[in-house]
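Take a look at the structure below.
The values are calculated or read from the model by the stated rules, or taken from the named source; none is laboratory data. Note that the coordinates shown come from a computational prediction; the quantities given were computed from them, not determined experimentally. Cβ atoms come from the backbone with ideal geometry, glycine included; neighbour counts cover every protein chain shown. What goes into the accessible areas is simple: the full protein's heavy atoms, side chains included, and nothing from ligands, DNA or RNA. Shrake-Rupley method; radii C 1.70, N 1.55, O 1.52, S 1.80 Å.
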Amino acid sequence: MMSNWKFFIARRIYRSREGEKEVSKPAVRIAMAGIAIGLAVMIVSVAVVIGFKHQVRDKVIGMGSDIVVSSIEGAQLYQMNPVVANDSLLSVIWNIPQVSHVQRYATKPGMIMTADNFQGMIVKGVAQEYDWTYLKAHLQEGEIPALTDSVASNRVLVSRSMADKLSLKVGDKLYTYYIEGNVRARRLTVSGIFQTNFSAFDDYFLITDMYTVNRLNGWEPDQVGGVEVAVSDYRFLDSVNDEIRGHIQEQTDRYGAIYCSRTSEELYPQIFAWLDLLDTNVWVILILMTGVAGFTMISGLLIIILERTQMIGVLKALGADNASIRQIFLSFSVFLIGRGMCWGNVIGLSCCLIQYFFEPIKLDPATYYVNAVPVELHLGWIVLLNVCTLLVSVGMLVGPSYLISHIHPAKSIRFE
């Protein structure tokens, strides 16, 4: 019964008797607009940052891997000392939970020369178990060559940026040169052209068979540059890496090379450090937008209380205590916050969906690694943003609501 009359009075605050016209329109609209804009900005910010981090991370992992097992002496990612990748090592890695794929590879730095241009490059040789899913998704022309680790194919995949610089097309012959003591040359045929928009790979990498790269390096058949390990869930990256390190710690192969395991975050620290900075930006935006929403609600509540001073005096004269009246105005504030949050969700989610399906906002892939602003929506964090916005906004209103305690019935009822 008590809650019914409180609800009725809260509803009366929102609508007056004169033609059911809304009262305090400017204050109410500003308060709801502050909540709506703040929540919309928070939804868009979180969606963009999560989408951006995941897309860049997927590009790093797509052309590389989650974890690389290589020689501890191979400090440089592209010029590694070889290690033996026999069945014993591969089976140990495969038997670790959360490992979804294991593949061998080798690299060799060199140079491409054409009739009127040249380009530094790194040729990456992959074995027959290589997972082509990522490159197939980004293949623009040609086809994925059939590569093995026992026969030279002399076929190669090149990136779009490299093909444009050197005026290469599918089927063209290109001459690659490798300088290590003597200059060695190898003629390769362009089998396909891919584009990942990740300049760290597109500007340098060629993909060919591991047999060719091993011969260029002068390695034995069982030696590789490293073993790439994919995990089924990125959250288990560190635990899987620790388990691999536990199996290979201080072990050496038959040529004396010491095994070492490193995650993608350790191989590319500058990229992941840059991505971590985005989290700081998001927290700043969340704090600022929550503050804006809260302070607009505070100003709106104070205006409404001042406009309803006479009504508060009447309620106190009829026996209502300060706590009950504060509850009425806080309930009314929750109603306004709820309406503002509904509009905020509509605006924020609409912006995200428009960007997701139509990509009207473009980016320079040479700088940002993606050609459009990425967005990624998850129900969990959207609900969390709404709950936190509601709790923080209501919590900020508790203090200002105590203004009701200073309103005296005798003084307030005398004035219209």
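Restricting attention to segment 268-294, the residues that are open to solvent by 30 Å² or more (accessible area, probe 1.4 Å), β-branched (V, I, T) and closer than 19 Å to F52 by Cα add up to 3.
Rundown of residues vs (1) in contact with a helix residue (DSSP H, G or I) (Cβ under 6 Å, 6 or more places away or on another chain); (2) open to solvent by 10 Å² or more (accessible area, probe 1.4 Å); (3) closer than 21 Å to R160 by Cα; (4) of a type in the set (A, V, I, L, M, F, W, C), yes/no style:
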position	(1), (2), (3), (4)
N81	no, yes, no, no
L89	no, yes, no, yes
I96	yes, no, no, yes
P109	no, yes, yes, no
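When M297 is tested against (1) in contact (Cβ under 8 Å) with a residue 40 or more places away in the chain; (2) open to solvent by 20 Å² or more (accessible area, probe 1.4 Å), only condition (2) is not met. Determine whether V314 is under 23 Å from T290 (Cα atoms) and hydrophobic (A, V, I, L, M, F, W, C). No.
The condition of being free of Cβ contacts under 8 Å to residues at least 12 places away in the same chain and either farther than 20 Å from Y130 by Cβ or not aromatic (F, W, Y) (or both) holds for S88. The number of residues in segment 201-246 that are open to solvent by less than 10 Å² (accessible area, probe 1.4 Å) and part of a loop (DSSP other than H, G, I, E, B) comes to 1.
Given the options E265, E307, name the one that is in contact (Cβ under 8 Å) with a residue 12 or more places away in the chain, open to solvent by 20 Å² or more (accessible area, probe 1.4 Å) and over 25 Å from the mean Cα position of the chain (by Cα). After applying the criteria, what remains is E307. Go through segment 149-158 and count every residue that is in a loop (DSSP other than H, G, I, E, B) and either modelled with pLDDT of 95 or more or in contact with a strand residue (DSSP E or B) (Cβ under 6 Å, 6 or more places away or on another chain) (or both). Total meeting the criteria: 2.
Answer yes or no: is there a residue in segment 172-187 that is without any contact (Cβ under 8 Å) to a residue 60 or more places away in the chain, open to solvent by 40 Å² or more (accessible area, probe 1.4 Å) and of a type in the set (S, T, Y). The answer is no, given that none of the residues of segment 172-187 is without any contact (Cβ under 8 Å) to a residue 60 or more places away in the chain, open to solvent by 40 Å² or more (accessible area, probe 1.4 Å) and of a type in the set (S, T, Y). Just to be sure, is V370 in contact with a Lys or Arg (Cβ under 9 Å, 6 or more places away or on another chain), at pLDDT below 90 and exposed (fewer than 13 other Cβ atoms within 10 Å of the Cβ)? Against the criterion (in contact with a Lys or Arg (Cβ under 9 Å, 6 or more places away or on another chain), at pLDDT below 90 and exposed (fewer than 13 other Cβ atoms within 10 Å of the Cβ)), V370 does not qualify.
Looking only at segment 248-256, decide whether some residue is within 25 Å of M80 (Cα to Cα), of a type in the set (A, V, I, L, M), part of a helix (DSSP H, G or I) and under 21 Å from the mean Cα position of the chain (by Cα). Within segment 248-256, none of the residues are within 25 Å of M80 (Cα to Cα), of a type in the set (A, V, I, L, M), part of a helix (DSSP H, G or I) and under 21 Å from the mean Cα position of the chain (by Cα).
Here's the yes/no breakdown for (1) assigned to a loop (DSSP other than H, G, I, E, B); (2) crowded, with 16+ Cβ neighbours inside 10 Å; (3) at pLDDT 90 or above:
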{"site": "F332", "(1), (2), (3)": "no, yes, no"}
{"site": "R339", "(1), (2), (3)": "no, no, no"}
{"site": "F357", "(1), (2), (3)": "no, no, yes"}
{"site": "P360", "(1), (2), (3)": "yes, no, yes"}
{"site": "G380", "(1), (2), (3)": "no, no, yes"}
{"site": "L385", "(1), (2), (3)": "no, yes, yes"}
{"site": "S393", "(1), (2), (3)": "no, yes, no"}
